[in-house]
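Peer 1: First, the structure itself, so that you have it in front of you.
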Amino acid sequence: MIFCPQPYRFVSNAMPITRFGQNNDDAKAHPSHVFRPRKQPDAKPHFRPKAVFRPVTPFVYPLQFRSTREAERAAHAMGIETVNFQDDLAAATYIVNGLRRFYDAGYPSFRAIIPSNAIPNGSPAEVSGDTLRYNPGYDWANIQGHQRGMFDAGLISSGHPYAIIDHEMGHLLENMQRAKRRHFATWLSRQTLTGETTHPLRCDALSPQEVDLLSANVSRYAISQADGSEVVPEIFCGLMGGKSYSEAVMNLYQSYGGILNPNPV
Ligand SMILES: [Zn+2]
């Protein structure tokens, strides 16, 4: 007996494929079957930031933790494996509540949150790979006031109360995009395929025009690293704060590994 992958009824009762507007009683009776020719996609994908991005849960009711252990349990419940807030309840409260918004929206999260004394003074946190390191010497009790001041001075791209978390999530998501590309490149080389390209994400220096574009439209922090490593986090942070950017800014964002899907999981 020959195996037929499609059951016979799909062949005999094939759905009517009818051009839109053609007089066909069956198509009228079942309008969902009407074939509407799709607009051909543009050669260059057109990006509409407002249509794609919405800020994740713009307001969260912040949890008040009675201890850092309680905050660590909340972080574990979001799938974060290693969490150490020491005794810094202000840091724990800010970080966990900031990340809850992303968790609720279906984003991936960090694998670990740990303290690091190596972070420069005045900087609250940094990301390496999928680990969030926070500065135990930072003034976490007043972080929302500090970040508001930085936004008003044009240093950071968002005045959202959790802008610092939005920025660090931008680093995590960019790192994940880069890891994905590397994985794909390795897979391709194992297949010994020829003529394939993996379109690696760029990591070359920003041009003077790009520096001008970012400083005029995003933030001063976005141009703080010549290799563009603060571009994606700052634009992502602005998007999460409810901003939309021009196509030129969004193309730059994508070229460095910025994600476009607001719910990437
Ligand atoms: Zn950064």
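The values are calculated or read from the model by the stated rules, or taken from the named source; none is laboratory data. The model shown is predicted, which means the values in this text are computed figures rather than measured ones. Cβ atoms come from the backbone with ideal geometry, glycine included; neighbour counts cover every protein chain shown.
Peer 1: Going by the structure shown, is TYR103 within 24 Å of SER219 (Cα to Cα) and of a type in the set (Phe, Trp, Tyr)?
Peer 2: No.
Peer 1: If I ask for residues that are free of Cβ contacts under 8 Å to residues at least 40 places away in the same chain and within 13 Å of the ligand (Cβ to nearest atom), which ones from the stretch 205-228 would you list?
Peer 2: Once the filter is applied, which keeps residues that are free of Cβ contacts under 8 Å to residues at least 40 places away in the same chain and within 13 Å of the ligand (Cβ to nearest atom), the stretch 205-228 yields ILE223, SER224, GLN225, ASP227, GLY228.
Peer 1: Based on what the data block shows, is ILE156 surrounded by 24 or more Cβ atoms within 10 Å (Cβ to Cβ), in contact with a Ser or Thr (Cβ under 7 Å, 6 or more places away or on another chain) and at pLDDT 95 or above?
Peer 2: It is true that ILE156 is surrounded by 24 or more Cβ atoms within 10 Å (Cβ to Cβ), in contact with a Ser or Thr (Cβ under 7 Å, 6 or more places away or on another chain) and at pLDDT 95 or above.
Peer 1: From the set of residues in the stretch 133-149 that are part of a helix (DSSP H, G or I) and crowded, with 20+ Cβ neighbours inside 10 Å, which is farthest from the ligand (Cβ to nearest atom)?
Peer 2: The residue in question is TRP140.
Peer 1: Looking at (1) within 16 Å of the ligand (Cβ to nearest atom); (2) assigned to a helix (DSSP H, G or I), find the lone condition where ALA118 falls short.
Peer 2: Only one criterion in (1) within 16 Å of the ligand (Cβ to nearest atom); (2) assigned to a helix (DSSP H, G or I) is unmet by ALA118, namely (2).
Peer 1: Would you confirm, using the coordinates I've provided, whether ASP104 is over 20 Å from the mean Cα position of the chain (by Cα), surrounded by fewer than 17 Cβ atoms within 10 Å (Cβ to Cβ) and of a type outside the set (Phe, Trp, Tyr)? If you could, list the steps in order and put the result at the bottom.
Peer 2: On the way: over 20 Å from the mean Cα position of the chain (by Cα): no; surrounded by fewer than 17 Cβ atoms within 10 Å (Cβ to Cβ): yes; of a type outside the set (Phe, Trp, Tyr): yes.
It is false that ASP104 is over 20 Å from the mean Cα position of the chain (by Cα), surrounded by fewer than 17 Cβ atoms within 10 Å (Cβ to Cβ) and of a type outside the set (Phe, Trp, Tyr).
Peer 1: If you don't mind, another one. Please verify whether ILE113 is in a loop (DSSP other than H, G, I, E, B), surrounded by 13 or more Cβ atoms within 10 Å (Cβ to Cβ) and modelled with pLDDT of 95 or more, treating the condition exactly as stated.
Peer 2: no
Peer 1: As an exercise: evaluate ALA125 against (1) closer than 19 Å to ALA71 by Cβ; (2) touching a residue at least 60 places away in the same chain (Cβ under 8 Å) and give the number of the one condition it does not meet.
Peer 2: For ALA125, the failing item is (2).
Peer 1: Run GLY241 past the list (1) within 16 Å of the ligand (Cβ to nearest atom); (2) closer than 30 Å to VAL96 by Cβ; (3) modelled with pLDDT of 95 or more and report the number of the one that doesn't hold.
Peer 2: Going through (1) within 16 Å of the ligand (Cβ to nearest atom); (2) closer than 30 Å to VAL96 by Cβ; (3) modelled with pLDDT of 95 or more one by one, GLY241 breaks only (3).
Peer 1: Tell me which of these GLU230 doesn't satisfy, since it passes every other one: (1) surrounded by fewer than 19 Cβ atoms within 10 Å (Cβ to Cβ); (2) at pLDDT 95 or above; (3) within 16 Å of HIS167 (Cβ to Cβ).
Peer 2: (1)
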